[in-house]
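To start, the structure itself, in structure tokens.
No lab work stands behind these numbers, since they all come straight from the coordinates. Treat the numbers as computed from the prediction; the structure is a model and nothing was measured.
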Amino acid sequence: MRHLILAGVVLLASIGTARAHELDVVNKSRTSIHHLYLSPVKADEWGPDQFGDRRGDTVDPGETFTLTGIERGRYDVKLIAEDDTECVVESVSFNESKEWVITERMLDDCAS
């Protein structure tokens, strides 16, 4: 019986980790990113600032920030740069742990 319970706990733990992913946000732009918000696609409200107070609300050029515990799915992502430029990237798929690169071109496209 103890083996069956232990097997169930291991199974639940592996299911939980299989569903939540990490996202490495790499800032390859020339601009500091001060805030990053996630929202399920087409939702009416943004979730909390993913940077929080842990990094002084900034990911500087050349830095990486890792988001953890992201549930599988499609999200809209809102970035706010140091000059208060807002950039919304729609329908980003988070179905696995991966790296997401912020480029100068991405920020320029949002500013236009």
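Just a few scattered comments:
- Built amide H within the under 5 Å cut-off of Ser97, gap 5+: Glu22
- In sequence order, calculated HN-Hα J values of the range 30-42 (Karplus, 6.51, -1.76, 1.60; Hz; x Gly/Pro): 9, 10, 6, 9, 9, 8, 9, 10, 10, 8, x, 3, 6
- Computed from phi, the 3J(HN,Hα) profile of the range 92-100 under the Karplus parametrisation 6.51, -1.76, 1.60 (θ = phi - 60°) reads 8, 8, 10, 10, 7, 5, 7, 9, 10 Hz, with x in place of Gly and Pro.
- Amide hydrogen neighbours beyond the local backbone of Asp76, cut-off 5 Å, H modeled: Ser39, Val41, Lys42, Ser91, Val92
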